[in-house]
Structure formats: structure tokens, C-alpha cells
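Heads up: the structure comes next, in C-alpha cells.
None of the figures in this text is laboratory data; all of them are computed from the coordinates on show. Just so it is clear, the model here is predicted, and its values are computed rather than measured. Don't worry about glycine lacking a Cβ; one is built from the backbone with ideal geometry, like all the others, and counts go over all protein chains shown.
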Amino acid sequence: MKKPTRDERQRMCTGKRRYRSQGDALDAALIAGVERRRKAYLCPLCRQWHLSSA
Ligand SMILES: [Zn+2]
């Protein structure tokens, strides 16, 4: 798999909703009913949490 460029990583971050904590991210996934298809991860760019589709 190709390593994402800095720009791509930036877009992955800015295009996503941010959460202050892993709990907040998982709560949001739970409310949306997608907790089984999403994982929360700590973003190295903004130091907040996003939901991945993994
Ligand atoms: Zn981010």
C-alpha cells in the first residue's frame, strides 16, 4: 500500500470530524449505529480522535 503524502494525511484529518477523546469518538459511532464498522484512532496531525472505516 502506498504511503500517504503529507497533503493526503492533512486532507484525511481536516475532512473528518474530530473528537476530544476516544470515548467521545466511540460514543458518536455508537449513536450513528456504525460502531462495528468504525475504529477510533488518535490523529498525529491534530492530536484529537477520528473514526476510521477500518
Ligand atoms: Zn486529525
Checklist entry - Which net charge results when you count Lys and Arg as +1 and Asp and Glu as -1 among the other residues whose beta-carbon is under 13 Å from that of Q48? => result +4
Next on the checklist: Which of E8, E35 has the fewest other C-beta atoms within 10 Å, and how do the rest follow up to the most?
Outcome noted: E8, E35
Item to check | Neighbour-count order for D24, D7, fewest beta carbons within 10 angstrom listed first | outcome: D7, D24
Checklist outcome for this item: Projected onto the charge dipole of the chain (unit charges on the beta-carbon of Lys, Arg, Asp and Glu, signs +1, +1, -1, -1), the Cα from S21, V34, H50 with the largest positive-side position is that of H50
Next on the checklist: Using only Cα atoms and rounding to the nearest 10 degrees, what angle (0 to 90) does helix 22-32 make with the longest principal axis of the chain?
Outcome noted: 70
Item to check | Calculated [θ] (222 nm, deg cm²/dmol) that DSSP helices of n ≥ 4 give over the chain, each run adding -39,500 (n - 2.57) | outcome: -11000 deg cm²/dmol
Checklist entry - Per residue, what volume in Å³ does the convex hull of the Cα atoms of the chain enclose? => result 73
